[in-house]
Amino acid sequence: MRHLPLLCIAGVLSLPVLALLGAWLPAGAPTAPLPVLQAMAQTVLPGYLWTTLWLVLGVGVGTAVLGTAAAVAVTLFEFPGRRTFEWLLLLPLAIPAYVTAYAYTDFLQFSGPLQTWARAAFGAEGRLLPEVRSLGGAVLVFVVALYPYVYLLARSALAERIVHLMEAARMLGAPMRRRVKEVALPLARPAVAAGVALALMETLADFGVTSYFGIQTFSTAIVKAWLAMDDRRVAAQLSTMLLGFVLLLLWLERRAQQRLRFGTRGTGAGDAGAPTVLSGGRVWLAWVVCGLPILLGFVAPIAFMLRPFAADWSVLPWERFLDWTWNSIRLAGIASALALALALVLGFALRRQPAWPVRAVVRLVGVGYAVPGAVIVVGVLLPVGWIQTLYPELGVGALVTTTAFGIVWAYLVRFCAVALQSVESGYARLPVSMDESARLLGAGGWRLAREVHWPLLKRAAVAGGLLVFVDVMKELPATMVLRPFNSDTLAVVAYQLARDERLGEAALPSLALVLAGLVPVLLLSRALRSR
């Protein structure tokens, strides 16, 4: 009974994911439960599968190459501007992938400024560049937006112990090319694999880029099955398939993290050798390796979005901008406050009673972050539909659908794990002896949490709440389906304006999302520099 409150919290936050499994059970009469899905398997489902696989393959290879090359350059070598590149390479994390897609489409499409200028300058006709709204364009957008996941983990792995091993290999006569190929890259492989897995989970969870580019992946198929086909069971069945992919990537990421902790266990940072000093043409090569991702992932999208401001301010929707911003801040504030409160409760319970039921509850809550937003939407609405059908007098549907309650529930399922991870990392730095000393002095229970833990956890907790706030601001599929009427957010408005080919007007809410995303990125870069 003492674990009952924790089980209730876990049940509320995991119900949308667990409810998806009920879609495979026969409904009503004992007929075949999969007729629509079987028809889709013979028509469109193979296309969804192959498109998703090709997208995942392209993004995986691209992020691995781009992120690893940048991490090798700033960790193993010394060149002018290296310390500046260390934090500049994190900036693409501040831009949602769908915002990058809108910016590139506005600039590179047939009627965009680049092709218009080229046709006028060279007297050419027709399309001069490949169509950006394609599978290749989506791969490019995801690679330049998500490579920092690989860069961060690979850089941490390389900085742990690989530099002094590189020095040992140099003293044994190995040239630089061989040292990088046979020493650095093999030891960094688990970190690269973990970063690629995180990037692929974000790719599978995306709806904005694939929907805007017209690419038929599992995420777009789920939303189409729910909204266009009006078949919640098919949407749920497709969601479980996508969830299987995500859980596989999550398992691979955690396995890579375990290998990473084993592979990077060193003797300390003090015996690491100095980075190799570059000169001549190698400095230019390092600048290209580090500058190209920043140019493609941050500078170019920002410049493309600033063009409407320089061209004509009157086309920008200033009169509605404050309403969209307030709706975004209000929902993000409520969700981040509740997520932080739940994370503190779960973290304190795990600190006091690290038994297997508590650990299981915490791990179950933590899975939600790996679940795509489109899957969570289906998981939230599915049990609501069942209850509404069985007990219409309760009015559960009116309570959850298109209300702040329903959308905040979806946010908590998706992002509570972010705050929980920050709180757990804060607790990891507090010695257990501190709790024992407090108990000897008569402090126990909530007094221990309030007077001892909270002052020491405050910075980690605030950082976790800030991350949840920014993630909620950028969340698209859950917000688009569950938001209350007349409560458009910046993410939804940016998507709708871009979908209606009003890309110039979409620049204003898109830039606001970028400014919100810059806050945690700058904090992260500051933490890395201080470390």
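So that you can scan it fast, the table gives a plain yes or no per residue for (1) modelled with pLDDT of 80 or more; (2) under 19 Å from residue 517 (Cα atoms); (3) outside any helix (DSSP H, G or I); (4) in contact with a strand residue (DSSP E or B) (Cβ under 8 Å, 6 or more places away or on another chain):
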site: 458; (1), (2), (3), (4): yes, no, no, no
site: 463; (1), (2), (3), (4): no, yes, no, no
site: 472; (1), (2), (3), (4): yes, yes, no, no
site: 494; (1), (2), (3), (4): yes, yes, no, no
site: 497; (1), (2), (3), (4): yes, no, no, no
site: 504; (1), (2), (3), (4): no, no, no, no
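Quick one: how many residues across segment 469-487 are more than 20 Å from residue 417 (Cβ to Cβ) and crowded, with 20+ Cβ neighbours inside 10 Å?
So the first thing to find is which residues in segment 469-487 are more than 20 Å from residue 417 (Cβ to Cβ), and the list is 480-481, 483-487.
Next, only the ones that are crowded, with 20+ Cβ neighbours inside 10 Å stay: 480-481, 483.
Within segment 469-487, residues that are more than 20 Å from residue 417 (Cβ to Cβ) and crowded, with 20+ Cβ neighbours inside 10 Å number 3.
Among the numbered criteria (1) within 22 Å of residue 479 (Cβ to Cβ); (2) buried (at least 22 other Cβ atoms within 10 Å of the Cβ); (3) modelled with pLDDT of 75 or more; (4) over 21 Å from the mean Cα position of the chain (by Cα), which single criterion is violated by residue 226?
Single failed check for residue 226: (3).
What is the number of the single condition among (1) modelled with pLDDT under 65; (2) open to solvent by 80 Å² or more (accessible area, probe 1.4 Å) that residue 34 does not meet?
(2)
Pick out the one residue from 74, 99, 150, 132 that is of a type in the set (Val, Ile, Thr) and out of contact with any Ser or Thr (no Cβ under 7 Å at 6 or more places or on another chain).
74
Can residue 366 be described as closer than 30 Å to residue 203 by Cβ and at pLDDT below 75?
yes
Of the residues 119, 82, 133, only one is among the basic types (Lys, Arg) and open to solvent by 60 Å² or more (accessible area, probe 1.4 Å); which?
None of the other options fit; the residue is 133.
Say we look at segment 33-44 and pick out the residues that are β-branched (Val, Ile, Thr) and in a loop (DSSP other than H, G, I, E, B); which of these is nearest to residue 221 (Cα to Cα)?
Residue satisfying both the conditions and the ranking: 44.
Of the residues that make up segment 64-79, is at least one under 15 Å from residue 151 (Cβ atoms), under 20 Å from the mean Cα position of the chain (by Cα) and not in a helix (DSSP H, G or I)?
no
Identify, please: which residue in segment 104-128 is outside any helix (DSSP H, G or I) and out of contact with any helix residue (DSSP H, G or I) (no Cβ under 9 Å at 6 or more places or on another chain) and is, among those, farthest from residue 501 (Cα to Cα)? Steps first, answer last, please.
First, the residues of segment 104-128 that are outside any helix (DSSP H, G or I): 109-112, 123-128.
Then drop every residue that is not out of contact with any helix residue (DSSP H, G or I) (no Cβ under 9 Å at 6 or more places or on another chain), which leaves 111, 123.
On the way: 111: 11, 123: 26 Å.
By that ranking, first place goes to 123.
Any residue in segment 45-61 that is open to solvent by 40 Å² or more (accessible area, probe 1.4 Å) and part of a helix (DSSP H, G or I) sitting within a Cβ distance under 8 Å of a residue that is at pLDDT 90 or above and not hydroxyl-bearing (Ser, Thr, Tyr)? List the pairs, counting only those 6 or more apart or interchain.
Listed pairs, sorted by first residue: 54/135.
What do you reckon, is residue 288 modelled with pLDDT of 80 or more, among the aliphatic types (A, V, I, L, M), open to solvent by 80 Å² or more (accessible area, probe 1.4 Å) and closer than 21 Å to residue 149 by Cα? Spell out the reasoning first.
Numbers: modelled with pLDDT of 80 or more: yes; among the aliphatic types (A, V, I, L, M): yes; open to solvent by 80 Å² or more (accessible area, probe 1.4 Å): yes; closer than 21 Å to residue 149 by Cα: yes.
Against the criterion (modelled with pLDDT of 80 or more, among the aliphatic types (A, V, I, L, M), open to solvent by 80 Å² or more (accessible area, probe 1.4 Å) and closer than 21 Å to residue 149 by Cα), residue 288 qualifies.
Mind checking which pairs have a first residue in segment 172-193 that is closer than 27 Å to residue 254 by Cβ and in contact (Cβ under 8 Å) with a residue 60 or more places away in the chain and a second that is of a type in the set (S, T, N, Q) and outside any helix (DSSP H, G or I), Cβ under 9 Å, 6 or more apart or different chains?
Every condition considered, the pairs that remain are 187/264; 188/264; 190/264; 191/264.
Please count how many residues of segment 361-398 are without any contact (Cβ under 8 Å) to a residue 12 or more places away in the chain and part of a helix (DSSP H, G or I).
So the count comes out to 9.
Have a look at 254, 265, 261 and point out the one that is charged (D, E, K, R), modelled with pLDDT under 70, outside any loop (DSSP other than H, G, I, E, B) and loosely packed, with under 15 Cβ neighbours inside 10 Å.
When all the criteria are applied, what remains is 261.
Quick one: would you say residue 246 is open to solvent by less than 40 Å² (accessible area, probe 1.4 Å), over 30 Å from residue 389 (Cα atoms) and at pLDDT below 85?
Numbers: open to solvent by less than 40 Å² (accessible area, probe 1.4 Å): yes; over 30 Å from residue 389 (Cα atoms): yes; at pLDDT below 85: yes.
When the stated conditions are applied, residue 246 passes them.
What tally of residues in segment 454-488 results from selecting those that are within 13 Å of the chain's Cα centre (by Cα) and among the hydroxyl-bearing types (Ser, Thr, Tyr)?
0
Which members of segment 313-365 meet the condition of being within 23 Å of the chain's Cα centre (by Cα), open to solvent by 30 Å² or more (accessible area, probe 1.4 Å), among the aliphatic types (A, V, I, L, M) and farther than 18 Å from residue 467 by Cβ?
Matches in segment 313-365: 364 only.
Restricting attention to segment 416-427, does a residue exist that is out of contact with any Ser or Thr (no Cβ under 8 Å at 6 or more places or on another chain), crowded, with 22+ Cβ neighbours inside 10 Å and among the polar types (S, T, N, Q)?
yes
Out of all the residues in segment 480-492, which are at pLDDT below 85 and part of a helix (DSSP H, G or I)?
480, 481, 482, listed by residue number.
The values are calculated or read from the model by the stated rules, or taken from the named source; none is laboratory data. From a predicted model like this one, the values you see are computed outputs, not experimental measurements. We place every Cβ from the backbone using ideal geometry, glycine too, and count neighbours over all the protein chains shown. Just so you know, the surface numbers come from the protein's heavy atoms only, side chains and all, with ligands and any DNA or RNA stripped out. Shrake-Rupley method; radii C 1.70, N 1.55, O 1.52, S 1.80 Å.
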